[in-house]
Structure formats: structure tokens, C-alpha cells
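J.: Can you read through this structure? Questions will come right after.
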Amino acid sequence: MNKTEPLSLKKCYSKAWKSFAKWWIPLCLIAGFLLLFEWVPKQLAKAETQIFNQTLTEFMVALENNDTVQMEEEMIQLSEAVSAYTAKLLTFTLYAAPLVALLSALLAGTTLTAVKDQRQHFTLKQIAQVAVVQFVLAFTKILLLFFIFPLGVFIYIKLYFVSLLMLEQKQSSVAAIKGSWRMTTGTFGPLFAMVIINGILQFLMALTLIGFIPATGFAGTVRAVAFTVLRTKDQ
């Protein structure tokens, strides 16, 4: 393929749809477990969430009425509610995070299988290594997105293919980071658009909850298609 040829989103989504349609059962199965382990911590912290929302509403009412005394009281309660919610969510998230990372690595490997339309052989050690790297990178990217949003977006795109490089080419984490950085050079715009489109698709499908499962599997397949295209150009 011509190295100067731009990444075509239309071709990526067309290829991804064909691949997903054939391998949707394993993709949806993994995505379903992934959703479960992401959803459970939020449900376990549901009571704290309700208290936080109620306290926030009361604070906004006090602010609207310019009631400084009530505002001070609500601020104290709001601070306590945030602390309780954060502590409980973080506790359950830390328990679920390794499983989420492991399932994400497994999903990445399955999307490669779908795109190539042939079974790939990944060892448990490979999946575990990718899961560890994904966990560390996900934590780093979340911090950057929260505190320095533009830099977080940039890093997210530049590291978009780390797990796929580790799985397909059995690269080390450092080599995969360098490889992903190189592969995404000159294609930031199309990849950013891809992330936005996938995010919108998952958000819309999340309204039905169950719809989020195939949307997640399909989004991963789109990424795998883009990876195979750019990897060919990079060779």
C-alpha cells in the first residue's frame, strides 16, 4: 500500500463491519464481561452517589438563595459525600481494574483475530503482560485527560496501538510504545476522528445498556483495522 495514502475512515469502518459481523459472538461475549466489571463498582457505590447528588442539589439551592450559612453547612456535607463516594468507588475499582485490563487485552487479541479472519495464538503470558501495560497506561492517560486534557488526548492517540503491537508482533512494552508513536505520526487527524466516532457510537448505544456491548466490540474492531492498515504502511 502507498505510504502517502491517507487513512480512510470509510474503508476502516467498512472492513470492521464485515469482520465484526463474522466474529460478533466472541467479541460481544468478552465485551459483555468487560461491561459487567466496569458497571459493578458503580452500582456498589450507588448509595454514595445518591447522597452526593442530593447534597449537591441542596448546595445549589442555597447558592441560588444566597444563604451563606446553609452554603457553608452544605459545603462540609458535600466534601464528606465526595470523600465517601471516591473512597468506595476507588476501592471497588481497584479490585475490578485487573480484570478489566485482562479482558481489554483479550478483546484486543480477539479483534485481531476478527480482522485477519483466522485464529491467532496468544499465550496467557502475553495477555497478562498486555493487561499490566494497559492498566498502567490507562491510569496515566486518565490523569492526563483530567488535569491536562489536550495533552491527555494527544497521548491517548499516540499510544492507540500499544496493546496490538505487543500481541501481534510480541514486542516489549517499550518497543510497542515507540512503534505506536511512530505509526500514528501523520495520521493524528483520522485517528482522532475515529476515537470521536467510536465514542459517540458507544455513548448512544449505552442508552440501551445492552447495546453498549456490541458497540464496544465493534469499536475495538475498527481500531484493529486501522492498526493493520498503518502497520502495512510502516513496514
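J.: Could you state the orientation-averaged shadow area of the convex hull built on the Cα atoms of the chain, in nm² to one decimal?
T.: 14.5
J.: Within a 10 angstrom radius of the beta carbon, how do Tyr160, Tyr13, Tyr95 rank from fewest other beta carbons to most?
T.: Exposure proxy ranking, most exposed first: Tyr95, Tyr13, Tyr160.
J.: Follow-up question, since we're still on this one. What number, rounded to the nearest 500 deg cm²/dmol, is the helix-based mean residue ellipticity at 222 nm of the chain, given -39500 (n - 2.57) per DSSP H run of at least four residues and division by all its residues?
T.: The per-residue figure over the chain is -29500 deg cm²/dmol.
J.: Please report how many Lys pairs in segment 125-235 have alpha carbons closer than 22 angstrom, counting only residues at least 8 apart along the chain or sitting on separate chains.
T.: So the count works out to 10.
J.: Working from Cα positions, state the angle (0 to 90°, nearest 10) between the long axis of helix 173-183 and the longest principal axis of the chain.
T.: The angle comes out at about 80 degrees.
J.: Could you line up Phe20, Phe37 from fewest to most neighbouring Cβ atoms inside 10 Å?
T.: Starting with the residue having the fewest Cβ neighbours, the order is Phe37, Phe20.
J.: Output the 0 to 90 degree angle, nearest 10, between the alpha-carbon long axis of helix 188-206 and the longest principal axis computed from the alpha carbons of the chain.
T.: Once rounded, one gets 60 degrees.
J.: Now, a different point. Using the Karplus equation 6.51 cos²θ - 1.76 cosθ + 1.60 (θ = phi - 60°), what ³J(HN,Hα) coupling, rounded to whole Hz, does each residue of segment 152-157 give in order, writing x for Gly and Pro?
T.: x, 5, 4, 5, 4, 5
Here, each number is a calculation from the coordinates, and none is a lab measurement. Here the structure is a predicted model, which is why all the values come from computation and not from measurement. Every residue, glycine as well, gets a Cβ built from its backbone with ideal geometry; the counts of neighbours run over all protein chains shown.
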